[in-house]
Amino acid sequence: MIETRKAAEEIKRAESLALACHIGPDGDALGSMLGFGIAARNHGKDVVASFGSPFVVPANLSFLPTDLLVAPSDFPKKPETMMVFDAGSADRLGELGSNAGKAGTLIVVDHHMTNEGFGDISLIDSSAAATGELVYELLELLDWEIDHQIATCLHTALVTDTGRFTYSNTKPETLRIAAALVEAGAQPAEIGRHVYEETPFGYLKASSAALSRAALDEERAIVTAVVTDEDLREAGIDWGDIDGLIDTLRLAEEADVAALAKVHDDGRVKVSLRSRGATDVGSLAAAMGGGGHRLAAGFTVERDPEEVLGEIKRMVEDFR
Ligand code: AMP
Ligand code: MN
Ligand code: MN
């Protein structure tokens, strides 16, 4: 449902807005939330923004204007008006899911195909390349000016969710919005450098360890790999530093699907899935209790990682 007008009315009415995005935020989650938050603050709203633990901004996104961020423990327990960005379900909010449950009015801005709708007002459009696109349209309807900070946030959202405008979700409208954001002051070269061109040396070490163990199942056209907390510790990096690894794994041309199992010390295994087009990994992830888009999705389980990857290998053919 796309209730942009209803969302705009509620936003205009509200004096304060509490914003949240999905845990382990990416460029679209942080960019769309902070971009909207800055615009709302510019219009006199009392704004806070946060995301569930671990409350750490990934290093490659720390150039974004983050002064609206508060720790999840400081987030209003019963916000009068709360907005959620880029989260396909309430459980993607981590501990802030309980704040969302108690919010007076909950507005959900999202583009996941697996979003079945939650909250009171929905701005959910799975044809949008990024949640940042929906925020742009909301700001247009509100007639709120887009300054260079907002433009930087929203451009980052678009760049990251479209793979630098190369994925099939990139539409003419996506590029028109990107052009408007550049006109408003977003600097593509600078954003690209921060997001894609800088990584700690340890990332090379951890990714080479993980990639050296990667396996290709040519028959089922799937490439899989495992990266562990131990790999990261040895390389001296964090989970937020390893987001780009799936993009290297998916380069294997023999595979339609890439599956990366990120194994945490506490037993959680977060699986990232990517498809070149023949496999609907969004539905596959949903079948495993997660969600996402047709070509990019994920889920989290507490199981043996090799066993989970084995199950995914057996499942892929059913989602083609
Ligand atoms: P990632 O592999 O973490 O980059 O995520 C790819 C896509 O799948 C993103 O749109 C995520 O929001 C979504 N996704 C990842 N993990 C989950 C999960 N556990 N539950 C629902 N959606 C997920
Ligand atoms: Mn996201
Ligand atoms: Mn997104």
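The values are calculated or read from the model by the stated rules, or taken from the named source; none is laboratory data. If you're wondering where the values come from, they're calculated on a predicted model, not measured in any experiment. Virtual Cβ from ideal backbone geometry, glycine too; neighbours counted across all protein chains shown. Calculation scope for accessible area: heavy atoms of the full protein, side chains included, ligands and nucleic acids excluded. Shrake-Rupley method; radii C 1.70, N 1.55, O 1.52, S 1.80 Å.
Odds and ends about this structure:
- Taking the criterion of being of a type outside the set (Gly, Ala, Ser) and either surrounded by fewer than 21 Cβ atoms within 10 Å (Cβ to Cβ) or touching a Cys at 6+ places or on another chain (Cβ under 7 Å) (or both), the residues of region 119-131 that qualify are Asp120, Asp125.
- Residue check for Gly240: under 22 Å from the mean Cα position of the chain (by Cα), assigned to a helix (DSSP H, G or I) and not aromatic (Phe, Trp, Tyr): yes
- Test: residue in region 193-200 that is within 16 Å of ligand 3 (Cβ to nearest atom) and closer than 27 Å to His264 by Cα: yes
- Where a residue in region 44-62 is touching a residue at least 12 places away in the same chain (Cβ under 8 Å) and its partner, wherever it lies, is among the acidic types (Asp, Glu), with Cβ under 7 Å and at least six apart: Lys45/Glu15; Asp46/Glu15; Gly52/Glu95; Ser53/Glu95; Val56/Asp238; Pro58/Asp243; Ala59/Asp241; Asn60/Glu198
- Breaking point among (1) in contact (Cβ under 8 Å) with a residue 40 or more places away in the chain; (2) within 16 Å of ligand 3 (Cβ to nearest atom); (3) out of contact with any His (no Cβ under 7 Å at 6 or more places or on another chain), for Leu309: (2)
- Residue ID - most open to solvent (accessible area, probe 1.4 Å), chosen from residues in region 108-117 that are within 16 Å of ligand 3 (Cβ to nearest atom) and outside any strand (DSSP E or B): Met113
- Pairs linking a residue in region 240-261 that is modelled with pLDDT under 95 to a residue that is of a type outside the set (A, V, I, L, M, F, W, C) and within 13 Å of ligand 1 (Cβ to nearest atom), with Cβ atoms under 7 Å and 6 or more positions apart or on different chains, are Gly240/Pro58; Asp243/Asp26; Asp243/Pro58.
- Thr105 being surrounded by fewer than 23 Cβ atoms within 10 Å (Cβ to Cβ), within 12 Å of ligand 1 (Cβ to nearest atom) and of a type outside the set (A, V, I, L, M): no
- Sole residue being assigned by TED's automatic domain parsing to the domain that holds Ala8, among the aromatic types (Phe, Trp, Tyr), under 29 Å from Asn169 (Cβ atoms) and within 15 Å of ligand 1 (Cβ to nearest atom), chosen from Phe63, Phe85: Phe85
- Scanning region 124-149 for residues that are hydroxyl-bearing (Ser, Thr, Tyr) and away from ligand 2 (no atom under 14 Å from the Cβ), we see that the one that is farthest from Ile38 (Cα to Cα) is Ser127.
- For region 15-29, taking the residues that are of a type in the set (A, V, I, L, M, F, W, C) and in contact with a Phe, Trp or Tyr (Cβ under 8 Å, 6 or more places away or on another chain), the one that is nearest to ligand 2 (Cβ to nearest atom) is identified as Ala29.
- Within region 130-237, helices (runs of 4 or more DSSP H) holding 3 or more residues that are modelled with pLDDT of 95 or more and touching a strand residue (DSSP E or B) at 6+ places or on another chain (Cβ under 7 Å): 131-142, 201-212
- Flag: Asp241 does not match the condition of being surrounded by fewer than 20 Cβ atoms within 10 Å (Cβ to Cβ) and of a type outside the set (Val, Ile, Thr).
- Looking only at region 150-178, and only at residues there that are surrounded by 24 or more Cβ atoms within 10 Å (Cβ to Cβ) and closer than 14 Å to His111 by Cα, the one that is nearest to ligand 2 (Cβ to nearest atom): Asp161
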